[in-house]
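The values are calculated or read from the model by the stated rules, or taken from the named source; none is laboratory data. Everything numeric here is computed off the predicted structure, so don't read it as measured data. Virtual Cβ from ideal backbone geometry, glycine too; neighbours counted across all protein chains shown. Note: areas computed on protein heavy atoms with side chains; ligands, DNA, RNA excluded. Shrake-Rupley method; radii C 1.70, N 1.55, O 1.52, S 1.80 Å.
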Amino acid sequence: MTLLAPLFLLGALGVALPMWLHRLSSENPNKQQFSSAMFLEPGEPRRVLAKKLQYLLLLSLRCAVLVLLALAFARPALEGAAQALIEGDARLHVVVVDVSTSMSHGERWQRAQAAALEIVDDVPSSELLQLITMGRGAQPLTEPTADKASVRQGINALSPEHARVDYGELMSSVDRMLRGIEMPVTVHIVSDMQRSSMPTRFAELASQTPLDVEIYDVSAPREDNWAVQSVAWQPLSGEVSASVTSFVGRPVERTMFVELNGERSGTQRLTVPADGTVTTTFASLELATGANRVRVGLEPGDDLAADDQRFLVVKRPEPRTILLISAEAGARDALFLTAALEAVNGPATVIDAIAPAAIADRDLESYAFVVVADAGALGDDDAERLTDFVESGGAVLLALGPRAAGSTAVPITGHAFGGTGGLAARDEFSIAGFIDSSHPALAGTEELRVAKFFRHVTIEPATGDQLLVGLEDGSPLLVEQIRGAGRVVVFTSSLDREWNDLPVLPVFVPLMSGLSAHLAGDLAIQTEAALGTTLSPQAVGLAGGQIFDPDGNAALG
């Protein structure tokens with residue numbers, strides 16, 4: 001027998017503690033002087049002996065527990081590998097099997113299992129094996145063992161799962177698992193070596209633990225694959241656009257279809273270019289009231305069915321009224337906002353433009369959401385009414401224009417002002433440096449990076465706020481705050497041309513489209529997360545609901 005982590009045996013020194021305690025308990029600290037013992041009756045020796053045996057037994061048990069704990073952490077290696085380990089000739093072979101989604105393509109999984117079983121068979125009986133899967137992180141399925149049968153059984157029980165692999169994260173996890181192993185290690189990685197699994201920095205592939213790495217690539221040439229790359233729904237026109245990407249070096253014809261609530265509503269024949277992407281648009285869908293389930297797919301499919309279809313949930317736009325609060329009737333910020341919102345929502349939307357003094361005369365609950373063109377125009381009573389509206393479930397788009405520059409805090413949200421940032425000269429400006437493209441309100445707004453921001457109000461985001469857009473110097477430009485049952489989106493520049501040129505750029509309309517759909521709850525749930533990552537319900541504007549899997553079965557509440 002040998003130990004894989006013998007340093008843990010130092011923990012056995014802890015037996016000194018119970019021995020010291022028993023030493024103390026065996027001495028009677030209460031000693032009294034007595035004149036004579038001639039008239040005392042002698043005690044029975046058997047009682048004294050029984051008490052001593054009880055003390056010794058308790059001491060032995062406590063010492064044994066500490067020794068066994070130290071021995072367990074030292075990881076003794078038994079069975080047939082013991083002699084070789086004692087001689088220092090043994091090696092630990094870690095078999096890492098990729099169980100990501102791409103492994104289900106064609107016969108990759110069969111080749112992966114065959115390769116893993118062959119590795120097990122080739123390991124000498126005097127050496128140790130350990131099985132690890134890489135999918136949703138690296139998961140050890142066995143401890144180091146010389147029992148090949150248990151490792152083979154574990155390999156045969158594996159199957160691909162809905163996950164993606166990051167090779168940098170894998171090497172980091174293997175490092176942690178092998179820490180303390182005082183023997184040579186060989187890591188056998190069985191994978192299809194997807195380029196998308198490579199880390200951003202090549203240095204992340206370097207192991208901190210000395211080990212040998214052997215790679216078994218189970219992909220095969222000419223494994224054709226086409227994927228539905230993206231699906232989007234246009235609220236204004238009701239059209240569905242989808243793109244197909246080819247990973248094959250030749251053009252091919254495919255049929256793309258769209259289904260609405262389980263019924264096919266349209267098909268198109270496409271020519272997908274070699275190693276390219278083609279986009280098509282389907283006619284407006286006849287949406288039912290409430291949520292609608294849209295599925296877009298390819299026919300015929302290929303051997304990797306997981307990426308041959310995509311799903312989308314959309315809500316039919318309902319007539320609604322938006323409250324626009326502007327300091328002056330006919331001000332530029334109100335004109336730009338009105339034009340953008342009407343272009344997005346069409347005649348089904350009514351924009352009620354008022355001055356701050358008229359807020360008290362309006363029933364805020366009757367509006368889909370509220371837009372404040374310049375937060376500096378709000379009085380204390382106005383801000384209090386809007387705060388109550390938000391906390392009860394309402395939504396507000398709050399711009400910080402020139403009137404807000406002299407305030408000490410942002411109304412409703414309470415953000416602290418850090419002063420007015422930006423540059424005075426019109427030929428000097430800042431641009432957007434960070435855009436949270438995963439947020440549903442910012443779909444199709446990458447051109448926001450061309451907007452020039454000459455001034456903005458600097459604020460300090462609060463704990464729990466979500467930064468949607470940030471300027472290149474790190475200052476927040478668009479921040480979302482969940483407040484009570486509602487939400488506030490703060491825009492730290494003006495909505496006219498005073499502090500930026502955003503209102504005259506084409507991206508202003510899709511930005512207002514996304515923000516209005518998000519604030520009104522009429523968004524298309526098209527925010528996507530990579531396999532193995534998490535998508536928060538708040539990111540798509542949901543407080544809860546029923547979740548269905550791709551087969552339509554209720555999966556999670």
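Remarks
- For segment 256-266, the count of residues that are more than 30 Å from Arg222 (Cβ to Cβ), of a type in the set (D, E, K, R) and surrounded by 15 or more Cβ atoms within 10 Å (Cβ to Cβ) is nonzero.
- Single residue of segment 328-337 satisfying the filter (at negative phi and surrounded by fewer than 18 Cβ atoms within 10 Å (Cβ to Cβ)) that is modelled with the highest pLDDT: Leu335
- For segment 202-251, the set of residues classified as in a loop (DSSP other than H, G, I, E, B), closer than 30 Å to Thr289 by Cα and modelled with pLDDT of 80 or more consists of Glu239 only.
- Test: residue in segment 406-428 that is closer than 20 Å to Val509 by Cα, surrounded by 14 or more Cβ atoms within 10 Å (Cβ to Cβ), polar (S, T, N, Q) and in contact (Cβ under 8 Å) with a residue 60 or more places away in the chain: no
- Residue in segment 111-129 that is under 29 Å from Asp307 (Cβ atoms), surrounded by fewer than 18 Cβ atoms within 10 Å (Cβ to Cβ), touching a residue at least 40 places away in the same chain (Cβ under 8 Å) and of a type in the set (Gly, Ala, Ser) present: no
- Scoring Arg487 on the criteria (1) open to solvent by 30 Å² or more (accessible area, probe 1.4 Å); (2) under 19 Å from Leu515 (Cβ atoms); (3) in a helix (DSSP H, G or I) leaves a single failure, condition (3).
- Exactly one residue among Ser196, Ser102 is open to solvent by 10 Å² or more (accessible area, probe 1.4 Å), in contact with an Asp or Glu (Cβ under 8 Å, 6 or more places away or on another chain) and in a helix (DSSP H, G or I), and that residue is Ser102.
- Qualifying residue in segment 206-226 (condition: within 30 Å of Ala441 (Cβ to Cβ), polar (S, T, N, Q), free of Cβ contacts under 8 Å to residues at least 60 places away in the same chain and out of contact with any Leu (no Cβ under 7 Å at 6 or more places or on another chain)): no
- The set of residues in segment 252-282 that are touching a Ser or Thr at 6+ places or on another chain (Cβ under 7 Å) and either assigned to a loop (DSSP other than H, G, I, E, B) or small (Gly, Ala, Ser) (or both) comprises Pro273, Ala274, Asp275, Gly276.
- Odd one out for Glu498, checked against (1) farther than 30 Å from Ser100 by Cβ; (2) modelled with pLDDT under 85; (3) open to solvent by less than 50 Å² (accessible area, probe 1.4 Å): (3)
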